[in-house]
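The values are calculated or read from the model by the stated rules, or taken from the named source; none is laboratory data. Predicted model, so just to flag it, every value in this text is computed and none were measured. Methodologically, a virtual Cβ is constructed for each residue, glycine included, from the backbone with ideal geometry; neighbour enumeration extends over all protein chains shown.
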Ligand SMILES: NC(=O)c1ccc[n+]([C@@H]2O[C@H](COP(=O)([O-])OP(=O)(O)OC[C@H]3O[C@@H](n4cnc5c(N)ncnc54)[C@H](O)[C@@H]3O)[C@@H](O)[C@H]2O)c1
């Protein structure tokens, strides 16, 4: 018996990285999946986002578990797109039980005062409006179903201390905490739980790319794997440089399954101890 048998889960940013990991693992636990991913580039971003092929691979991996998936290419900044995606999934699977607002990204990395208004706005729209859009698209349906629900929003360990070159991202991810606490309070009487995960560094294309490597090791033409590992490792008290996507998935699985049935408004930091520094 799976921990999510008969459940339907909506995941934003499911084409690769953590979102794909959540989709595949939750399917292994018996859930059907509704997946959304932009699968295109945002003009003000330097780090490449997922591709249509990435989303197809998530579909393949979910279907290989024996569960079903509705996958849509679309932008989480657009409420109508998010609502249509959830509607398509509910048409297919009949209900919605869980939502994971995972889509996010750091955008162009510069000192706060050097960002353009568009660079700032895009990151806030993806990382703060995005989770609100996800919540807005599922809560009415969960209330109508009348048997509770679980929402998890992916914030970040960057909210725990100041970071340079990420003020837009830190501001948006900090806003997510406020969103989680307030929605958790509003929805607790209805049995709908809302929680946040705060990952430290996770081994996904968001961090393992030339832009982030250069930020961590500014000298030279880009660090070797070993140099990057050493710099990242210096930020984690535990003897690992970063977490793997499945480590975040396991935390979310706890929050959305019966194991976490009375957990709401919580902030689960998953970071090999980085917050202790
Ligand atoms: N990797 C890390 O170190 C780390 C640390 C803390 C928090 N996070 C957060 O974890 C979440 C998952 O990131 P990841 O590490 O898997 O990175 P990732 O870049 O591999 O995955 C993010 C996914 O979101 C999608 N996406 C981005 N903007 C979108 C939009 N506007 N609409 C729809 N989809 C969009 C991307 O295409 C991509 O598939 C993000 O919210 C990120 O901010 C990551």
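Residue 186 satisfies every condition listed in (1) in a helix (DSSP H, G or I); (2) surrounded by fewer than 20 Cβ atoms within 10 Å (Cβ to Cβ); (3) within 16 Å of the ligand (Cβ to nearest atom) except (3). When we screen 199, 210, 218 for residues that are free of Cβ contacts under 8 Å to residues at least 12 places away in the same chain and within 30 Å of residue 118 (Cβ to Cβ), the only hit is 218.
Hey, could you check segment 162-174 for residues that are part of a loop (DSSP other than H, G, I, E, B) and touching a residue at least 12 places away in the same chain (Cβ under 8 Å) and say which is nearest to residue 244 (Cα to Cα)?
166
Scan segment 240-269 for residues that are more than 16 Å from the ligand (Cβ to nearest atom) and surrounded by fewer than 19 Cβ atoms within 10 Å (Cβ to Cβ) and jot them down. If the condition is that a residue be more than 16 Å from the ligand (Cβ to nearest atom) and surrounded by fewer than 19 Cβ atoms within 10 Å (Cβ to Cβ), then 254, 257, 258, 259, 261, 262, 263, 265, 266 are the ones that fit. Entry remark, segment 135-164: residues being modelled with pLDDT of 95 or more and touching a strand residue (DSSP E or B) at 6+ places or on another chain (Cβ under 9 Å) number 19 in total. Residues considered: 30, 66, 2. Of these, the only one that is outside the structural domain of residue 134 (by TED's automatic domain parsing) and more than 30 Å from residue 215 (Cα to Cα) is 2. When you scan segment 149-174, how many residues do you find that are within 9 Å of the ligand (Cβ to nearest atom), crowded, with 24+ Cβ neighbours inside 10 Å and closer than 19 Å to residue 254 by Cα? Of the residues in that region, 4 qualify.
Out of all the residues in segment 216-239, is one or more part of a loop (DSSP other than H, G, I, E, B), surrounded by fewer than 17 Cβ atoms within 10 Å (Cβ to Cβ) and in contact with a strand residue (DSSP E or B) (Cβ under 9 Å, 6 or more places away or on another chain)? Checking segment 216-239: not a single residue is part of a loop (DSSP other than H, G, I, E, B), surrounded by fewer than 17 Cβ atoms within 10 Å (Cβ to Cβ) and in contact with a strand residue (DSSP E or B) (Cβ under 9 Å, 6 or more places away or on another chain).
The set of residues in segment 26-56 that are within 11 Å of the ligand (Cβ to nearest atom), over 30 Å from residue 5 (Cβ atoms) and out of contact with any helix residue (DSSP H, G or I) (no Cβ under 8 Å at 6 or more places or on another chain) comprises 38, 40, 41, 48, 49, 51, 52. Which condition from (1) outside any helix (DSSP H, G or I); (2) modelled with pLDDT of 95 or more; (3) under 28 Å from residue 111 (Cα atoms) is the one that residue 177 breaks? Just one mismatch for residue 177, condition (1).
Checking each residue of segment 83-94 against the condition of being over 25 Å from residue 257 (Cβ atoms), over 17 Å from the mean Cα position of the chain (by Cα), at pLDDT 95 or above and within 12 Å of the ligand (Cβ to nearest atom) gives no match.
Checking each residue in segment 202-222 for being modelled with pLDDT under 90 and either more than 17 Å from residue 48 (Cβ to Cβ) or under 18 Å from the mean Cα position of the chain (by Cα) (or both) picks out 216, 217, 218, 219, 220, 221.
Would you confirm, using the coordinates I've provided, whether residue 275 is in contact (Cβ under 8 Å) with a residue 12 or more places away in the chain, part of a helix (DSSP H, G or I) and out of contact with any strand residue (DSSP E or B) (no Cβ under 8 Å at 6 or more places or on another chain)? In short, no.
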